[in-house]
Amino acid sequence: ENKLNEAIDKLLVLEKQTRAAGDAISSSKVLVCIVSLCYKVQDWTLLKEHVTTLCKKRGHFKLAVTKMVQRCCEMVPEIQDKERKMELIEILRTVTEGKIYVENERARVTRTLASIYEKDDEREKAAKVLQELQVETFGTMEKKEKVEFILEQMRLCFETKDYIRTQIISKKISTKYFEGEDTEELKLRYYRQMIDLNLHHKEYLAVSKNYFEIYKTPSVKDVEQKWKEALQRVVLYLILSEYNNEQSDMLARIKTDTNLSKLPYYQNVLTCFDTAELLNWSILKKVYSQHLKSKPGEPDSPLDKEENWDVLQMRVVEHNIRVLAKYYTRISIQHFADLLHLDLKEAEKRLCEQVVKGTVTAKIDRLDGVICFTKRKDTEQILNAWSGNLNSVMDLIGNVNHLITKERMVHQVS
């Protein structure tokens, strides 16, 4: 112990001389040597003391402090004693706080701390510790490492049921990054985490898009079983999603995919929703229930859950309402309900939902028991239409007058 103190005292004198001489490289070597000696003899008290003291000294070179902190970070995974490891991590987190030039090292030891908490089944602590890091602002950290950190933050937040924060953190990753090379593993991790998040919020269109991105990944497209699973889920979640322009556009794009022909039942059910024809729910369920569910040994299908069949039934009703709005201008409420295979109250409720969403335009005349699908025009549109009709009438009158005059002239000559 005496020899260690003597050696460190001599090194501290040398450190002062190198600092005064402006020799950053030699100063770095001295600081690294001091902490290495303390670690070699397992003197944790002296190690913590010198790390704290050396980082606080005025006039220290950033390079020297960085090298010393990096050496201490290398010690962390080598320490077997959990208590000692935690102490060193906390010291490193304290001395690096607010120092931009060692932000990467602080982030790495914080991630190690989070993994320790997670092993101890303290996920909330792990998530809280990792959330302190705003790695997207780190200028010196590689893009790949940033994405890994953010994905870890997302995972911990999701597992602790902090879904709003998970959504916020997910926006820190630009999907353009996944267009580069050697990003497939991170891309698949990201989209699988987004699938879990979107499924929690029941945003089926977003889930379908996530699976479509997985489907387009080269490593998935090269394996038939993988791309089939991905494409099946693209189709199923697409038909489970609410109708809008985005959903309609994606449905049209998926239909053109040549691989869809290798999944005939999925191609047929997609065609059903893309065709302006009424669908019979009973027949649809009877025909496709066995083929769209997962078979033994296969990954779970979304239609394995009975609640998703209820959602699909609602989408069939909504599709039928859009078809009726396309072909009818007026229809009796009773006939409307019969075509939808619903009772009057339920049919009216479904129609009102579609009107509120803006999918169709309709008015119900309860006295006459009639539904009108014609869109009400505002005064400007009525005046424009009247003006156009009036111009057409005047043109016709002008043509008739010309023809009558011509006939009279021919009659007079003859």
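Rounded to the nearest 500, what is the 222 nm mean residue ellipticity of the chain from helices alone, with -39500 (n - 2.57) per DSSP H run of 4+ residues and division by all residues? Walk me through the numbers on the way to the answer.
Values: 20 runs with 294 residues, N = 414.
One gets -23000 deg cm²/dmol as the mean residue ellipticity at 222 nm.
I'd like the FRET efficiency for C372 and K119, computed as 1/(1 + (r/R0)^6) with the beta carbon distance as r and R0 of 51 Å, rounded to 0.05.
Numbers: r = 65 Å, r/R0 = 1.28.
E(calc), rounded to 0.05, equals 0.20.
Distance between the pseudo-spin-label points of V41 and Q70 (7 Å out from Cα toward the beta carbon): 2.7 nm. Projecting label points 7 angstrom from Cα along Cα→Cβ for E159 and R189 puts them 1.3 nm apart. Take R84: with every protein chain present and a 1.4 Å probe, its accessible area is about 90 Å². Karplus-derived 3J(HN,Hα) values for segment 361-366, using 6.51 cos²θ - 1.76 cosθ + 1.60 with θ = phi - 60°, are 10, 8, 9, 9, 9, 5 Hz; glycine and proline are entered as x. Site pair E6 and S261 shows an inter-label distance of 8.7 nm when each label is modelled 7 Å from Cα along Cα→Cβ.
Compute the length gained on full extension between E353 and L278: take 0.36 nm times their separation in residues and subtract their Cα-Cα distance, giving the result in nm to one decimal. Each step should come with its number before you reach the end.
Numbers: separation 75, 0.36 × 75 = 27.00 nm, distance 1.87 nm.
Length gained between E353 and L278: 25.1 nm.
Spatial offset of segment 316-370 relative to segment 158-191 amounts to 41 Å, using the alpha carbon center of each.
Using R0 = 41 Å, the C-beta based FRET efficiency linking N268 and T379 works out to 0.30. With 19 Å as the limit on Cα-Cα distance, the pairs of K128/K161; K176/K209; K3/K62 that go past it are K3/K62. Q225 to K202: FRET efficiency via 1/(1 + (r/R0)^6), r the Cβ-Cβ distance, R0 22 Å, to the nearest 0.05? With a Förster radius of 22 Å, E is 0.20.
Can you tell me how much longer the chain between I100 and I364 gets when fully stretched, taken as 0.36 nm per residue apart minus their C-alpha distance, in nm with one decimal? Walk me through the intermediate numbers first.
Values: separation 264, 0.36 × 264 = 95.04 nm, distance 6.59 nm.
Working it through step by step, the gained length comes to 88.5 nm.
Please compute one quarter of the surface area of the Cα convex hull for segment 149-196 and express it in square nanometres.
Numbers: hull surface 12.3 nm².
Quarter of the Cα hull surface area: 3.1 nm².
Residues of segment 349-384 with backbone nitrogen within less than 20 Å of a virtual label 7 Å along the Cα-to-Cβ line of H335, please, listed as ranges. Zone members listed by number: 349-352, 361-375.
All other residues whose Cβ lies under 12 angstrom from that of D182 are scored, Lys and Arg at +1 and Asp and Glu at -1, for a net of -2. For segment 29-65, the residues whose backbone nitrogen is under 17 Å from a point 7 Å from the Cα of V13, taken along Cα to Cβ, are 30-31, 34. In a DSSP loop and with at most 16 other Cβ atoms within 10 Å, the trypsin sites (Lys or Arg not before Pro) in segment 168-276 are K171, K172, K202.
The values are calculated or read from the model by the stated rules, or taken from the named source; none is laboratory data. Keep in mind that what you see is a predicted model, and the values were worked out from it rather than measured. Note that each Cβ is placed from the backbone with ideal geometry, even for glycine, and that neighbours are counted across all protein chains shown. Note: accessible area is taken over every heavy atom of the protein model, side chains too, but ligands, DNA and RNA are not part of it. Shrake-Rupley method; radii C 1.70, N 1.55, O 1.52, S 1.80 Å.
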